[in-house]
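Here the structure comes first, spelled out in structure tokens, and everything after it is commentary.
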Amino acid sequence: ILKMINISKNISDLIKLKICLTNPYKRRLVVPIINNVYEFRDLTRKSDKKCLYESGIKTGEILFKVIVDKSNSIFITEGTKDAMTVAGYGFNACCTFGINISTQQITQILKTGKNKVFIMRDNDEAGFKSNCNTFRSLKKYCDCKIIKYPKGFQYKDPNEIKTKIEFLNLLRYNVEDI
């Protein structure tokens with residue numbers, strides 16, 4: 001199942017991913033976010049609906065982080081699968097559960113001690129705008145770079161990049177300030 005969603009076993013073990021075997025979330029990936037907050041992702045691909053639980057939690061108040069090394073850098077992505085994929089390639093990553101970034105999430109990123117931030121939203125118009133907005137929000141606090149997808153790049157999401165070599169090639173030629 002992990003291979004189907006492009007998540008390495010090391011990352012699965014690190015963040016303690018589980019598969020729910022009972023209804024109402026049968027065959028959903030259970031992603032622990034913080035404390036008693038979990039994301040349930042549909043693995044049947046019949047629906048892209050996901051939900052966060054515990055009630056009252058707002059996604060703008062939390063940050064999903066996967067810290068895999070002691071480097072001073074971290075990647076910001078839109079979704080949990082994106083962050084887990086980036087971490088699987090050996091880089092610290094976090095996600096903001098969408099294209100917006102809140103002051104609470106900025107504070108949580110800064111508390112990681114990572115002062116070099118790579119912004120890697122989805123490869124679409126909303127992702128591009130979000131890259132720019134996130135850059136403006138963070139540039140006064142840390143060294144920020146945007147991962148810019150080349151024209152005609154075949155993948156929409158970071159989690160669709162299939163190999164570490166493809167990922168490293170993207171970084172090698174497409175990191176920039178704005």
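Using θ = phi - 60° and the Karplus form 6.51 cos²θ - 1.76 cosθ + 1.60, what ³J(HN,Hα) does each residue of region 129-136 get, whole Hz, x for Gly and Pro?
Here the 3J(HN,Hα) series is 4, 5, 3, 5, 5, 5, 4, 4 Hz.
I want to check the label-to-label distance for Ala126 and Thr107. Put each point 7 Å from Cα in the C-beta direction and report it in nm to one decimal.
Once both label points are built, they end up 2.7 nm from each other.
Could you give the length gained by full extension between Lys9 and Lys151, i.e. 0.36 nm per residue of separation minus their alpha carbon distance, to one decimal place? All intermediate terms of the calculation are to be shown ahead of the outcome.
Numbers: separation 142, 0.36 × 142 = 51.12 nm, distance 3.19 nm.
Here the answer is 47.9 nm.
Using the basic label-point model (7 angstrom from Cα toward the beta carbon), what is the Cys20 to Lys116 distance in nanometres?
The two pseudo-label positions are separated by 3.9 nm.
Go through Lys58/Lys111; Lys65/Lys116; Lys111/Lys140; Lys65/Lys164; Lys16/Lys116 and tell me which ones have a Cα-Cα distance over 25 Å in this structure. List each step's numbers first, then the result.
On the way: Lys58/Lys111 20 Å; Lys65/Lys116 15 Å; Lys111/Lys140 15 Å; Lys65/Lys164 20 Å; Lys16/Lys116 27 Å.
Exceeds cut-off: Lys16/Lys116.
Would you mind giving the average projected area, over all directions, of the Cα convex hull of region 81-137 in nm² with one decimal?
Working: hull surface 15.7 nm².
About 3.9 nm², averaged over all directions.
Charges only on Cβ, +1 for Lys and Arg, -1 for Asp and Glu: so what's the dipole of region 95-178 about the Cα centre, in debye to the nearest 20? Before the final figure, lay out each step's value.
Values: 15 positive and 9 negative charges, 60 e Å.
The calculated dipole for region 95-178 is roughly 280 debye.
FYI, it's all coordinate maths here, none of it is from the lab. This is a predicted model, so every value here is computed, not measured. Neighbour counts run over all protein chains shown; Cβ positions are idealised from the backbone, glycine included.
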